[in-house]
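Undergrad: This is the structure, below, for whatever I ask next.
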Amino acid sequence: MSLPLDLDIEKALLFFHAYMYGPLRGKTRLYEARGVSPRVAMSEDWELFASILVRDRGVPSQSGLDLERYEVKSALHGGGFEYQYHRNSWREKLAADRMAGHLFISHRDGLRLVEVRYCAGAELAAFFDDWEAARPYADRAQRFRRSIPFGWVRDHAALILRLVDGEQEFEGLHAAGGSAPR
């Protein structure tokens, strides 16, 4: 799968401001005053944001890809991107991951920095091969979780969008429907 160039940055930013960044900014002062650590976004928020950004639809199944053509992963900036495979569908999910595009979203400072990177599933083959060789669930484990390190994603996946203080930071590559940094 090739680099997504037909990005809908404008609509993705509208969603981001209205339902993620804006509400968090409004609640941050209250969280801090009460000594509560907020959860900045749910995985479903990132999936919807990515769906709007790459113009792809979500899928109803919990055991397959997040979107029709993409897997969406999010993590705190610097943290690994976790993949979880379920006992009865891990083979099918791993095969789908090999064919899909992967969107890696990292964030920090209460969403003041958000970066979206893209990598084709074929470029992740070494990870998938290792995970498959581990023979998931052969030992009757309850969960099979693996991660792709942030450093690998930073160094190998293409940066397609960077948001700083809620606004797009322009850096070069101009994609249809908006500009995207490399």
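Undergrad: Can you run down the residue pairs with Cβ atoms below 9 Å, 6 or more apart or on separate chains, where the first is in the stretch 69-82 and outside any strand (DSSP E or B) and the partner is among the β-branched types (V, I, T)?
TA: R69/V54; H77/V114; G80/I148; G80/V153
Undergrad: Let me ask another. Suppose we filter the stretch 120-144 for residues that are open to solvent by 20 Å² or more (accessible area, probe 1.4 Å) and within 30 Å of L7 (Cβ to Cβ); how many remain?
TA: As a first pass, look at the stretch 120-144 and keep what is open to solvent by 20 Å² or more (accessible area, probe 1.4 Å): 122-123, 125-127, 129-130, 132-135, 137-143.
Next, only the ones that are within 30 Å of L7 (Cβ to Cβ) stay: 122-123, 125-127.
Count: 5.
Undergrad: Okay, next question. State which residue is surrounded by the fewest Cβ atoms within 10 Å (Cβ to Cβ) when the search covers only the stretch 31-54 and only residues that are modelled with pLDDT of 95 or more and among the small types (G, A, S).
TA: Only one residue fits best here, namely S51.
Undergrad: Out of G110, G78, G58, G64, report the one residue that is open to solvent by 10 Å² or more (accessible area, probe 1.4 Å), at pLDDT below 95 and on the phi > 0 side of the Ramachandran plot.
TA: After ruling out the rest, the residue left standing is G110.
Undergrad: Further question on the same structure: From the residues in the stretch 1-30 that are modelled with pLDDT under 90 and among the hydroxyl-bearing types (S, T, Y), which one is least open to solvent (accessible area, probe 1.4 Å)?
TA: T28
Undergrad: Something else: Between a first residue in the stretch 4-23 that is acidic (D, E) and a second residue that is outside any loop (DSSP other than H, G, I, E, B) and surrounded by 14 or more Cβ atoms within 10 Å (Cβ to Cβ), which pairs have beta carbons less than 9 Å apart while being 6 or more apart in sequence or on different chains?
TA: From the stretch 4-23, the pairs are D6/V54; D6/A175; D8/I52; D8/L53; D8/V54; D8/G178; E10/G178.
Undergrad: I'd like the full set of residues that are among the hydrophobic types (A, V, I, L, M, F, W, C) and within 11 Å of the chain's Cα centre (by Cα), limited to the stretch 79-125.
TA: Matches in the stretch 79-125: F81, L103, F104, I105, V114, V116, C119.
Undergrad: Further, regarding this structure: For the stretch 93-105, check the following and say yes or no: at least one residue is in a helix (DSSP H, G or I), within 27 Å of I9 (Cβ to Cβ) and either open to solvent by 20 Å² or more (accessible area, probe 1.4 Å) or touching a Lys or Arg at 6+ places or on another chain (Cβ under 9 Å) (or both).
TA: Pass one, the stretch 93-105, residues in a helix (DSSP H, G or I): 93-99.
Filter again for within 27 Å of I9 (Cβ to Cβ), leaving 96-97, 99.
Now narrow it down to the ones that are either open to solvent by 20 Å² or more (accessible area, probe 1.4 Å) or touching a Lys or Arg at 6+ places or on another chain (Cβ under 9 Å) (or both): 96, 99.
Within the stretch 93-105 (the criterion being in a helix (DSSP H, G or I), within 27 Å of I9 (Cβ to Cβ) and either open to solvent by 20 Å² or more (accessible area, probe 1.4 Å) or touching a Lys or Arg at 6+ places or on another chain (Cβ under 9 Å) (or both)), the answer is yes, since at least one residue qualifies.
Undergrad: What pairs can you find where one residue is in the stretch 108-124 and farther than 30 Å from L94 by Cβ, the other is among the aromatic types (F, W, Y) and crowded, with 21+ Cβ neighbours inside 10 Å, and their Cβ atoms are less than 6 Å apart, with a gap of 6+ or different chains?
TA: From residues that are farther than 30 Å from L94 by Cβ, the pairs are L111/Y21.
The values are calculated or read from the model by the stated rules, or taken from the named source; none is laboratory data. Just so you know, these numbers come straight off a predicted model, no measurement behind them. Neighbour counts are summed over all protein chains in view; Cβ atoms, including those assigned to glycine, are modelled from backbone coordinates with ideal geometry. To get the accessible areas, we keep the full protein, side chains included, count just its heavy atoms, and leave off ligands, DNA and RNA. Shrake-Rupley method; radii C 1.70, N 1.55, O 1.52, S 1.80 Å.
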